[in-house]
Structures are given as structure tokens and as C-alpha cells.
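No value in this document is a laboratory result; all are computed from the given coordinates. Just so you know, these numbers come straight off a predicted model, no measurement behind them. Here the Cβ is made from the backbone with ideal geometry for all residues, glycine too, and neighbour counts use every protein chain on show.
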Amino acid sequence: MKQVFYRSLVFSVLAAGLGIFALAANPANAGEDIVVIELFTSQGCVACPPADKVMLKLAKEEGVVALSWPVDYWDYLGWKDTFATTANTARQAGYNDAMGKNGVYTPQMIINGRVQAVGSRENEIRALIEEQKANGKLKLDVALDGDRENLVINVSAGLTDADTSIWLILYDDEQVVDIQYGDNRGRLLRYANIVRDAQSVGPWTGNRMRIPIDMKKVAEVGANCIAVLVQEGIAGPILGATKITLSDLD
């Protein structure tokens, strides 16, 4: 499948290139056990609301980085998803290729970029989460340090023999949508951690890295939370992750 890259939201950095510098201290979340849960969902998918409810619960749990990626391939049914993008659909397709699956579907939940399940099957999903935890914590320590004016991505050092990518993801912790057409018409649906924008800010090289973020650009998107994922390839196994709510910053 032809690779489709995310639409660009250009984040300035505080030095030339990507503004990557040696990191003098360990990231703030060193040693934490993190599980990354990604739900591919759609407002036009009649089977998705139960999965969205599962996501609302998982998103509030400790040690979980939960992200909902609305896809656009159900829009033809009569209701255009208000948050869906072709970039989100491309990310799901990337996982499909990486996992060797026959096709995409909704609601699909990906855990740590490694395993997948139907998003509404909560017991199965929780078993997969525990399985991932039992396999040990993620390879890299990742943190977001700073304040509302100066926020920096910190990534620890490690060994890698694969191509990697660092994703900066802006999301809303909750959204409520009144569905007026399509299979879910007449329903008022709540969504957790809806991705509003995502951009690869470069590869992880194996060295400790420090990547400053232009917070003015973050404000332009209007999302109230930030996550960072480091993973193999464009949509491969997650190597490290963190999140922050902007209102928690000084």
C-alpha cells in the first residue's frame, strides 16, 4: 500500500533543524509502566458507540495513553464525521499493513502498536492490556517537561535497529456530538481523547533527545491535551509514550 503521511502542522523549534540537543537529565516519567491504546472509530459507524464508551473508561485509568482516531470511510452513509481525517484513516491502514491483516474495520483498538481487538470487547481488550504489561514496560522513557510557553519532548537513549518516528499528537480529552444523520442519527455521543492533529517531528536516533515545541502552534489547533509516541516505522510497535493536559502546566 502506498504510504500516506500526516497533514502538516509546522511546529517551530528553538534551534536549527528539528532543534534536537543532548538531554542532561532523565525524563520525568522514567520507570513508569505505560500502555498505549488507540481506537479507530467513526460517528457514522453503528457498531462504534459501545467501543467509544469503553474508551471513555480506559482514558481515565492510570498509566494509559488513550487516543481516538476518527476515520472517514463511513462518511458516505449520510453523516460526515466532524473529526475524521484521511490522515487518521492512513494511520489505521499503516497498522493493517504492519500487522499483516486483510483489511481495516471499525471499531478497532490497537494496544501498544502490537495487538488488536474489536473495540467494544472490553474483557478481551483488558486481557490484552495485562498481557502487554506482563511483557515489561515500554523500551523508552518519554516525557513532556516545561510550561505553557516552553514545552519540551524528552526521549531517553537506547538501542534500535529499526526506522523510528516521534509523533506529536494534539487531542481533546472529551467531545460531545449530536448525530443528525446516518445510522447513529438522533444520538448524543461522547468521545474521549479525540485526536485533532498529529505530526511526525522526526526520527528517534537512539540518542537522548530534546525537542522543543512551539506552543503558539499548539494554541492554534485549540486542543487541550498533548501526547507523544515513539514507535517503529510510521505505525509499528510503540517504544515509548507520554501525555499531558495543558491545564496542568504552570
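Values for this structure:
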item: Taking the stretch 35-248 and dividing mean pair separation by its residue count, relative contact order in percent (alpha carbons under 8 Å, at least six apart); result: 25
item: Separation between Cα centres of the stretch 139-170 and the stretch 209-250, rounded to whole Å; result: 8
item: With Cα atoms, 0 to 90° folded angle of helix 86-99 axis to the chain main axis; result: 80
item: Degrees, to the nearest 10: 49-58 long Cα axis against longest axis of the chain; result: 30
item: Rounded tilt (10° steps) of 122-134 against the dominant C-alpha axis of the chain; result: 20
item: Given Lys60/Lys137; Lys139/Lys243; Lys60/Lys139; Lys60/Lys133; Lys57/Lys243; Lys101/Lys217, the pairs whose alpha carbons are separated by over 27 Å; result: Lys101/Lys217
item: Isolated Cys in the chain, by beta carbon distance under 4.7 Å; result: Cys225
item: Packing-based ranking, highest mean first, of 70-80, 109-119, 159-169 given that Cβ atoms within 10 Å are counted; result: 109-119, 70-80, 159-169
item: Cα-projected label distance for Glu62 with Ser247, points at 7 Å along beta-carbon direction, nm; result: 2.2
item: Which of Gly94, Val64, Val35, positive extreme of dipole for the chain (C-beta unit charges); result: Gly94
